[in-house]
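The values are calculated or read from the model by the stated rules, or taken from the named source; none is laboratory data. The structure displayed is predicted, hence computed values, not measured ones. Quick reminder, even Gly has a Cβ in these numbers, built from the backbone with ideal geometry, and neighbours come from all protein chains shown. When the accessible area is computed, the model is the full protein with side chains, heavy atoms only, and any ligands, DNA or RNA have been set aside. Shrake-Rupley method; radii C 1.70, N 1.55, O 1.52, S 1.80 Å.
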Amino acid sequence: MTSADAHTGEARLRQQARRFLEAGQWDAAKAAFEELVQRAPRDVPLRMELADLMLRRGQMRAASSQLLQAAPLLPNDVPMIAELAWRLSMTGETLAIRACAERLERAPDPPGWVLAEQAHLRWMLGDIPAARARMDLAVAAGIDSQTEYYLNAMLLQFTGRLAEAEVALLETLRRWPDYGDAAVILANLRRQTAATNHLGFLRERLGRLPRDSTDMRAGLTRAKFESAIFKVFDDLGRHDEAWQALERSNALMHSFLPYDADSEAAVTDALIEVSATALSGKTGSTTFDGPMPIFIVGMPRSGSTLLDHMLSAHSAVTSAGEINDFQRQLHWIADVAPRGNPSLLKILERTGQLDFDELGARYLMQTQWRAQGRKYFIDKLPINVRMVPFIRRALPRAPILHLARDPMDVCYSNLKIMFGSASPYCYDMQAVSHYYGQYARLTNHWREALPNAMLDIPYASLVRDPEATMRQVLGHCGLEIEEACLRPELNTSPVATPSSAQVRESIHTRGIAQWRHYEKQLEPLRQALAAELVSNTTL
């Protein structure tokens, strides 16, 4: 066969593979792509397509293998390096993403857009200082896209450069007036006052937006501007107008992103059912001399960012932020592609076959670089409250800290925050009360089934008596109290959550009973929570 014949045959096979994909003939498509990779083993896009197909078929390990084999074959192609890094993040290969970032950073005399891509990869890794340094270079070299402007503003916010972030966001909204995400961050950067606020600016931008409630993109954009306007009205104490804006925002979000109560309840039921299996075997024997993870879990908006910022002020501790490494490694061990609740249910079906030693070892291998020379690093992902028995089995010496906040306080805080599409439960009172009920069922079960697996930390105690509470927290982690832990406003570490501005203040109690500004409007939430909690006690 001549090289021309081989090329023609390969081209036909590529067409055939894509026809199989379009027709949903997954097995035939996979076989065709595997043959193509055999013929062209150095073709990185082919390996990425095969990995995509494998993930679609639920084959996490096989997809990961293809991507890892592609990494050393990468050409000096910035978009391709970034594309591979994104796929590696889906399979939990954090070290390989770091290698992609380092490869990209070797580009000689990079223009602004390449420097911005370097910053984006570092942001993807959670390496905020490195991302900020790259973004500073990108801004100096010249950036021009909406994505670049927004990333610049976010990184300024995360690193505490709030005044610069405000300027960057105003410029972003001047160039792209319908950029809802920028509006949300702008309103939340600081407390809005009668003297200096963005109410007129935001309302003028909202007035330009189309009112077509059937178009999802337009609807979500309007919802984000309404959320930003709520924040300004709330700060100004104009509570009736604030509530009206919040209602409009949440109604739009809920209409496009409905909450699946049955799915959440099914996950809670399955976690409780398999917990005996997850807890019955011997704990993982993973031994290591390197840094120890400290897990912070709980409901979103429970005060976990404040605890993280206080704890990471200790000289032996650093924060890795909200990383999803544990769940990604759990998916890899179970060989289940990450697709929300359905994939978690599939993992739970395989609990008895999971290798917890390997889970712990893989997690540590992928994360210990995050400690930056410290003895401990914080893994602060609230949803890991679902993972308590798995963490305990895989990493028996790792402390788990559970933030517990008053139900009305934490549910109201979720209702008023704009989480985008990530958290459909937080745009409706019945939904957030149901979600809280599932969380309460789960944490109550962990306390009964695995006593002392996690340290409960009441948010009210943390802000009212921070010294006594932090002594307890640090003692649980095997550390002595340090004065810096009581002065989070002096901690200059990056904070990459919606609470990044608030935790740069000194400790205060303003977050307690904030919901009472809207006591009348929130009465349905109070009643729904009461019903949920009564239901939980009678199960």
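Between Leu455 and Glu483, how high is the FRET efficiency from 1/(1 + (r/R0)^6) when r is the Cβ-Cβ distance and R₀ = 25 Å? Nearest 0.05.
Calculated transfer efficiency: 0.70.
Could you please put Trp86, Trp26 in sequence from largest to smallest accessible area, using a 1.4 Å probe?
Trp86, Trp26
Calculate the length of the line joining the C-alpha centroid of region 98-153 to that of region 314-380, in whole Å.
Cα centres, region 98-153 to region 314-380: 26 Å.
So what does Ile512 come to for accessible area, using a 1.4 Å probe and Å² rounded to 10?
40 Å²
For the full complex of protein chains and a 1.4 angstrom probe, list Phe256, Phe356 by accessible area with the highest value first.
Phe256, Phe356
For region 356-402, give the magnitude of the charge dipole about the Cα centre (Cβ charges: +1 Lys/Arg, -1 Asp/Glu; no others), in debye to the nearest 20.
160 debye
If you plug each phi of region 366-381 into the Karplus form 6.51 cos²θ - 1.76 cosθ + 1.60 with θ = phi - 60°, what whole-Hz ³J(HN,Hα) values come out, in order, with x for Gly and Pro?
7, 10, 5, 4, 5, 6, 6, x, 7, 7, 10, 9, 9, 10, 10, 10
Can you tell which of Ala183, Thr172, Ala133 lies farthest toward the positive end of the dipole of region 117-187, using +1 and -1 charges on the Cβ of basic and acidic side chains (Lys, Arg; Asp, Glu)?
Ala133
With +1 on the Cβ of every Lys and Arg and -1 on the Cβ of every Asp and Glu, and nothing else charged, how large is the dipole of the chain about its Cα centre, in debye rounded to the nearest 20?
80 debye
Can you work out the accessible area per residue across the chain, with the rest of the protein chains kept in place, probe 1.4 Å, in square angstrom?
Ligands and nucleic acids excluded, the figure is 43 Å² per residue.
Considering only C-alpha atoms, what is the centroid distance from region 1-75 to region 485-530, in Å?
Spelled out, the Cα-based centre of one part sits 49 Å from the other.
Please list, or write none, the lysines whose alpha carbon is within less than 22 Å of the alpha carbon of Lys231, excluding same-chain residues fewer than 8 places away.
Candidates past the 8-residue exclusion: Lys416, Lys520.
Hey, which aspartates and glutamates would be in cross-link range of Lys375, C-alpha to C-alpha under 17 Å, not counting anything within fewer than 8 residues on its own chain?
Asp289, Asp308, Glu480, Glu482
Short version: what are the Cα gyration tensor semi-axes of region 405-539, square root of 5 times each eigenvalue, largest first, in whole Å? Intermediate results must be reported in sequence, preceding the final value.
Values: eigenvalues 158, 88, 39 Å².
Taking √(5λ) for each Cα gyration eigenvalue gives 28, 21, 14 Å.
Using the Karplus curve 6.51 cos²θ - 1.76 cosθ + 1.60 with θ = phi - 60°, what ³J(HN,Hα) values do you get for each residue of region 447-452, in whole Hz, with x for Gly and Pro?
Couplings: 4, 7, 7, 9, x, 6 Hz.
What's the percent breakdown of Cα-Cα distances in region 228-329 across 5 Å bins, shortest bin first?
Calculated P(r), rounded to whole percents: 2, 8, 9, 11, 15, 15, 15, 10, 6, 5, 3, 0.
Can you sort Tyr363, Tyr149 by solvent-accessible area, 1.4 Å probe, largest first?
Tyr149, Tyr363
If you restrict to DSSP beta bridges whose two residues both lie in the chain, what percentage is antiparallel, to the nearest 5?
For the chain, the DSSP antiparallel bridge percentage is about 0.
Using the Cα centre of region 14-64 as the reference point, and only Cβ charges (+1 on K/R, -1 on D/E), how large is the resulting charge dipole? Debye, rounded to the nearest 20.
Computed about the Cα centre, the dipole is about 60 debye.
In sequence order, what are the phi-derived ³J(HN,Hα) couplings for region 181-197 according to the Karplus relation 6.51 cos²θ - 1.76 cosθ + 1.60 with θ = phi - 60°, rounded to whole Hz, with x for glycine and proline?
4, 5, 5, 4, 5, 4, 5, 9, 5, 7, 6, 7, 10, 4, 7, 9, 8
So how exposed is Val274, as accessible area in Å² (1.4 Å probe, rounded to 10)?
20 Å²
Scan around Ala404 for amide H atoms under 5 Å from its own, H built in the peptide plane at 1.01 Å from N, and keep only partners 5 or more places away or cross-chain.
Those qualifying (amide H under 5 Å, at least 5 residues apart or on another chain) are Ile457, Tyr459.
Which one of Ala28, Ala82, Val44 has its Cα pushed farthest toward the positive end of the charge dipole of region 1-96, where Lys and Arg give +1 and Asp and Glu give -1 at the Cβ?
Ala28
Over the heavy atoms of Met454, what accessible area does a 1.4 Å probe trace out, to the nearest 10 Å²?
In the full protein context, Met454 sits at about 20 Å².
Quick one, which of (i) 37.7, 124; (ii) 23.7, 74; (iii) 24.3, 80 is the actual Rg and Dmax of the Cα atoms in Å calculated for this model?
Recomputing Rg and Dmax of the Cα atoms in Å here picks out (iii).
Can you compute the label reach from His517? Point 7 Å from Cα along the Cβ direction, backbone N cut-off under 12 Å, restricted to region 453-495.
none
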